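Okay, structure first, notes after.
The values are calculated or read from the model by the stated rules, or taken from the named source; none is laboratory data. All figures in this text were calculated on a predicted structure; none of them were measured in a lab. Here the Cβ positions follow ideal geometry from the backbone for every residue, glycine too, while neighbour counts run over all protein chains shown. These area figures cover heavy atoms from the full protein model, side chains too; ligands, DNA and RNA do not enter into them. Shrake-Rupley method; radii C 1.70, N 1.55, O 1.52, S 1.80 Å.
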Protein chains: 2
Amino acid sequence: MTLPLVSIVGAGPGDPDLLTVRALRRIEAADLILFDDLVGPAILALAGHAQRMAVRGRAGSEALDQAAIGRLMISNARRGRRVVRLKGGDPFVLGRGGEEAIALAAAGIPFEIVPGVSSSIAAPALAGIPVTHRGIASGFAVVNGHDPSSEIFSAIEPHSLTLVVLMGLKSRGAIRRALVARGWRHDTPAAIVVSGSMPEQWVWSGTLDGLDAELPPERTGPGTLVIGDVVRLRSLIDAGEIGEMLEKAEVGS
Amino acid sequence: MTLPLVSIVGAGPGDPDLLTVRALRRIEAADLILFDDLVGPAILALAGHAQRMAVRGRAGSEALDQAAIGRLMISNARRGRRVVRLKGGDPFVLGRGGEEAIALAAAGIPFEIVPGVSSSIAAPALAGIPVTHRGIASGFAVVNGHDPSSEIFSAIEPHSLTLVVLMGLKSRGAIRRALVARGWRHDTPAAIVVSGSMPEQWVWSGTLDGLDAELPPERTGPGTLVIGDVVRLRSLIDAGEIGEMLEKAEVGS
């Protein structure tokens, strides 16, 4: 009988209730959890007896390099330990899960991918912003904001779809300039969601020309940028406030 | 105490284990579940005492129109029933969840959005295809394939990011032609994933010029198209076969 010795698991945007049922089961049964810094204590607390090890810091800083993470997964799996490689959001959305899957496959280790709720969709949603909406946006793009000089910012025809930028909080000034240079209007609706789905979720919305306004200093969580007309729907949907109201209601229930 | 009278819930790609923990709780506690045809019997079977009603058929055909769905949600919520509006994938990814949220907000009904695992990311992942990969694609776009003449197919610079098309299975010939006319190479790697995450998951991979080859007649589930160099990684990752192997192992364990 072959067991899934290694599970590459998406932990979702942060709220433990947004783990999938399979992710929760894998975390509960793990012997070893190798987690990224984006995965918070509320999720790690769900583990049973697992040893827990942080292997990657914020914004790409590396506690261990990719090869070392691969070796850790492989050596532990060969000793028969059930390894969970736990990543924020979905493991294949800018999470380097593909590299780890390739390393495991090359070593002949049975593994599985457990997709997660991606922050690219969920953080806007929980701020009341649907990434698509009939008559406004029939598609969306998710891009890495780490390098604002990337050609990816000129690859999309302005206003043709919703643009979601992950890991772009620090570079948002340069991203704004790249988009305006490409032809996006200064007054394109835009939003920033920090710590989407968490109790400390914080949302700014305005227009593209205000995107690099200063954030309150305590807003240090992972950020999602959303650019496009769908941001306007926030005032009609306002799931954020309703979510907060419900949160309080549930605590009291 | 205000309860979340209506929950607009993403059911994920189909496998019940890919529901979020919150989605599962809402389904179990519901008095009324209004579901789309994409949501299968394995998920509906998780409901407790709920009345279950199909409100939308496949490929946009409507059992009820959007206004009627809104009225049903509102009238039931006003009678104090807990309503779950259950949608395939994520409710805000081409799922018209925004329209329903606006209707509820306008009626003053407390509601919440429960994001789900989107098939746009998970179906490729479970076929061994990461939508992003370092050095290959630093972003991806998800577009509606229902109308291949849509400007959205010319809005993206060829080969700049991974293109994922939902609801494009029937129109894939016209989509292929639109992309080639826009400058995508005939030999761009491409894949079709039918019924992603389900036991009957079926995957074709090849190149763009083969995208409109005939499918086996029994492959009638929802399809996800993936176009871009990341499709090549499938041969190195092959999560599909490993997933299948594990599935059997788990049944036997």
Cut-off under 5 Å, modelled amide H: who pairs with residue B:139 long-range
B:133, B:162
Report the residue, chosen from B:180, B:84, B:194, that carries the largest GNM mean-square fluctuation when chain B is represented by alpha-carbon nodes joined by springs under 10 Å.
B:180
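Report, as an integer, the average count of C-beta atoms from other chains found within 10 Å of each Cβ along A:101-113. Mind showing how you got there, number by number?
Working: counts 10, 7, 1, 3, 9, 2, 0, 0, 1, 4, 5, 8, 11.
Per residue, the average neighbour count from other chains is 5.
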Over the protein assembly as shown, what lengths in whole Å, largest first, do the semi-axes of the equivalent ellipsoid take, defined as the square roots of 5 times the eigenvalues of the alpha-carbon gyration tensor?
30, 27, 25
For residue B:39, residues with placed amide H under 5 Å, excluding near neighbours
B:88
Where the only charges are on Cβ atoms (+1 Lys, Arg; -1 Asp, Glu), what is the dipole of chain B about its Cα centre, to the nearest 20 debye?
720
Angstrom value of the Kirkwood radius, inverse mean 1/r, which spans all Cα pairs in segment A:71-140
14.3
May I ask you to list the GluC sites (Glu not before Pro) in segment B:55-161 that are in a DSSP loop and have at most 13 other Cβ atoms within 10 Å of their Cβ?
B:62
What angle, in degrees between 0 and 90 and rounded to the nearest 10, separates the Cα long axis of helix B:66-78 from the longest principal axis of the Cα atoms of chain B?
40
Calculate I(q)/I(0) for chain A by the Debye formula, one identical point scatterer on each C-alpha and no solvent, and give its log10 at q = 0.11, 0.12, 0.16 Å⁻¹ to two decimals.
-0.63, -0.73, -1.14
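Accessible area per residue, 1.4 Å probe, Å², for segment A:1-160: what's the number? Show your work: numbers first, answer last.
Values: 5340 Å² over 160 residues.
I get 33 Å² per residue for this part.
When DSSP beta bridges are limited to those with both residues in segment B:24-149, what percentage is antiparallel, rounded to the nearest 5?
Numbers: 1 of 10 bridges.
Around 10 percent antiparallel, to the nearest 5.
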Note the distances from residue B:45 to each other copy's matching label point, with points 7 Å along the Cα-to-beta-carbon direction, in nm, sorted shortest first.
3.4
Acute angle (nearest 10 degrees) that the helix B:172-182 long axis makes with the longest principal axis of chain B, alpha-carbon atoms:
60
May I ask you to find the residues of segment B:118-134 that are shielded by at least 20 Å² of accessible area once the whole protein assembly is considered instead of their isolated chain (probe 1.4 Å)?
B:121, B:125, B:126, B:130, B:132, B:133, B:134
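If you take every residue apart from residue B:79 with its C-beta less than 15 Å away from the C-beta of residue B:79, what net charge results, scoring Lys and Arg +1 and Asp and Glu -1? All intermediate terms of the calculation are to be shown ahead of the outcome.
Numbers: positive: B:71, B:78, B:81, B:82; negative: B:31.
Spelling it out: positives minus negatives among the neighbours equals +3.
Counting other Cβ atoms within 10 Å of each Cβ, which trypsin sites (Lys or Arg not before Pro) in segment A:136-184 have at most 13 and sit in a DSSP loop?
A:170
Can you give the charge dipole size of the protein assembly as shown about its Cα centre, rounded to the nearest 20 debye, using +1 on the beta carbon of Lys and Arg and -1 on the beta carbon of Asp and Glu?
Working: 50 positive and 54 negative charges, 61 e Å.
That gives the protein assembly as shown a dipole magnitude of about 300 debye.
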Please label the shape of segment B:69-108 as rounded, prolate or oblate, based on the square roots a ≥ b ≥ c of the eigenvalues of the alpha-carbon gyration tensor (a/c under 1.5 means rounded; beyond that, a/b larger than b/c means prolate, else oblate).
oblate
